[in-house]
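Visitor: Quick one: this structure, given as structure tokens, is what I'll be asking you about.
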Amino acid sequence: MTSTAAPPVPAPPRRATAARRPRRNWRGWLFVAPFMLVFALTFVAPVGYAFVLSLFRDQAFFGGTVFVGADNYAQVLADPKFWEAFRRVLLFLAVQVPIMLVLALIAALAIDSARLHAAGFFRIVIFLPYAVPAVVAALMWGFIYGDHFGLAADLNHLLGTDAVRPLSQNWLLASIGNVVTWEFVGYNMLIFYSALKVIPKELFEAAAIDGAGAFRTVFSIKLPAIRGAIVIATIFSIIGSFQLFNEPNIMRNLVPNVIGTFYTPNMYAYNLSFAGQQYNYSATVAIVMGVITAVIAYVVQLRGTRKGM
């Protein structure tokens, strides 16, 4: 009987050595550290301090500042002055922002069309009002709007009537909207124009071969291509509308009986703090307004960037 050799026993597999984790490289943080430091000092710290202030209340007759938690927020949400100011800027946003963006879009399309002579000159002229400081613009337009001086007064004197009253109760918000539109049409035009310049030329060549006209090219190629820029400009305009302050605050010196201390939420918070010494309640108004603005801007961003719209 022949004996067969036993099969060789396989050697046990060697334990795989654990892969060495690469050492974390912190050099990138050194480059962003200056920005992060400035961001923390100029944004995070003030917002955090305002939030802390909103949790307290100054008890003048009982001495000192006491912790009240969310009582200040409940007071703001029930404050008729806050909601009157909020409705006013909401109306301002609903009317002024679409007009401003449409004018800016038309200007950008006209300059980009290559059919407008001296396009560079018109681009500078339209953008130039944005370089004027908001305070200077408000003062300039305030003197134009004045009932007893400026262009409005001259027109009334020429016509023998007082029908032209831009600073009256009925026309004041529209007059402020005209100032803001004059200031920021050029800024939004530049955003749209920059987006139009990066559209691939091949799309226009293909549209020309297919026989597309100018209007078809605008609605089928240009507007869809700059959709992201339109969303960004809309968000910036929404934030700016809720932050409305300089124009009504400057013009308040001309018509103090028309523009009150709570004409806009920002004016309300400003006057609560610097005129009423109610720092805690002012911080609460600012926090609530900031949250509302952030929520609305975020919703607009979601709807604007959603596919298939």
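Visitor: Does P224 meet the test of being under 27 Å from Y281 (Cα atoms), in a helix (DSSP H, G or I) and either open to solvent by 20 Å² or more (accessible area, probe 1.4 Å) or touching a residue at least 60 places away in the same chain (Cβ under 8 Å) (or both)? Spell out the reasoning first.
Guide: On the way: under 27 Å from Y281 (Cα atoms): no; in a helix (DSSP H, G or I): yes; either open to solvent by 20 Å² or more (accessible area, probe 1.4 Å) or touching a residue at least 60 places away in the same chain (Cβ under 8 Å) (or both): yes.
Spelling it out, it is not the case that P224 is under 27 Å from Y281 (Cα atoms), in a helix (DSSP H, G or I) and either open to solvent by 20 Å² or more (accessible area, probe 1.4 Å) or touching a residue at least 60 places away in the same chain (Cβ under 8 Å) (or both).
Visitor: Is it the case that A107 is over 30 Å from Q278 (Cβ atoms) and either open to solvent by 60 Å² or more (accessible area, probe 1.4 Å) or not in a helix (DSSP H, G or I) (or both)? Even if it seems obvious, please write down each step before you answer.
Guide: Numbers: over 30 Å from Q278 (Cβ atoms): yes; either open to solvent by 60 Å² or more (accessible area, probe 1.4 Å) or not in a helix (DSSP H, G or I) (or both): no.
For A107, the condition - over 30 Å from Q278 (Cβ atoms) and either open to solvent by 60 Å² or more (accessible area, probe 1.4 Å) or not in a helix (DSSP H, G or I) (or both) - is not met.
Visitor: Looking at N156, N178, N170, can you tell me which residue is open to solvent by less than 40 Å² (accessible area, probe 1.4 Å) and either closer than 26 Å to Q96 by Cβ or in a helix (DSSP H, G or I) (or both)? So that I can check it myself, show each step before the final result.
Guide: Working: N178 fails: open to solvent by less than 40 Å² (accessible area, probe 1.4 Å); N170 fails: open to solvent by less than 40 Å² (accessible area, probe 1.4 Å).
Just a single option satisfies the conditions, and that option is N156.
Visitor: Filter the stretch 48-76 for residues that are within 23 Å of the chain's Cα centre (by Cα) and open to solvent by 70 Å² or more (accessible area, probe 1.4 Å) and give the result.
Guide: Of everything in the stretch 48-76, those that are within 23 Å of the chain's Cα centre (by Cα) and open to solvent by 70 Å² or more (accessible area, probe 1.4 Å) turn out to be Y49, F51.
Visitor: What number of residues within the stretch 110-121 are touching a helix residue (DSSP H, G or I) at 6+ places or on another chain (Cβ under 6 Å) and not in a loop (DSSP other than H, G, I, E, B)? Spell out how you get there, then give the answer.
Guide: Here is the first cut: in the stretch 110-121, the residues touching a helix residue (DSSP H, G or I) at 6+ places or on another chain (Cβ under 6 Å) are 111-112, 116, 119.
Filter once more, so that each one left must be not in a loop (DSSP other than H, G, I, E, B): 111-112, 119.
Adding up the residues that qualify gives 3.
Visitor: Working only within the stretch 78-100, note down all residues that are surrounded by fewer than 18 Cβ atoms within 10 Å (Cβ to Cβ) and among the small types (G, A, S).
Guide: The answer is A78, A94.
Visitor: Going by the conditions given, is A207 over 30 Å from S175 (Cα atoms) and free of Cβ contacts under 8 Å to residues at least 40 places away in the same chain? Walk me through it before giving the result.
Guide: Details: over 30 Å from S175 (Cα atoms): yes; free of Cβ contacts under 8 Å to residues at least 40 places away in the same chain: yes.
Answer is yes for this residue.
Visitor: I need a count of the residues in the stretch 251-309 that are in a helix (DSSP H, G or I) and exposed (fewer than 15 other Cβ atoms within 10 Å of the Cβ).
Guide: The first filter runs over the stretch 251-309 and keeps only residues in a helix (DSSP H, G or I), leaving 251, 265-274, 279-305.
This time we only want the ones that are exposed (fewer than 15 other Cβ atoms within 10 Å of the Cβ), so: 274, 291-292, 294-295, 298-299, 302-303, 305.
The total comes to 10.
The values are calculated or read from the model by the stated rules, or taken from the named source; none is laboratory data. These numbers come from a predicted model, not from an experiment. Don't worry about glycine lacking a Cβ; one is built from the backbone with ideal geometry, like all the others, and counts go over all protein chains shown. Accessible surface areas use protein heavy atoms only, side chains included; no ligands, DNA or RNA. Shrake-Rupley method; radii C 1.70, N 1.55, O 1.52, S 1.80 Å.
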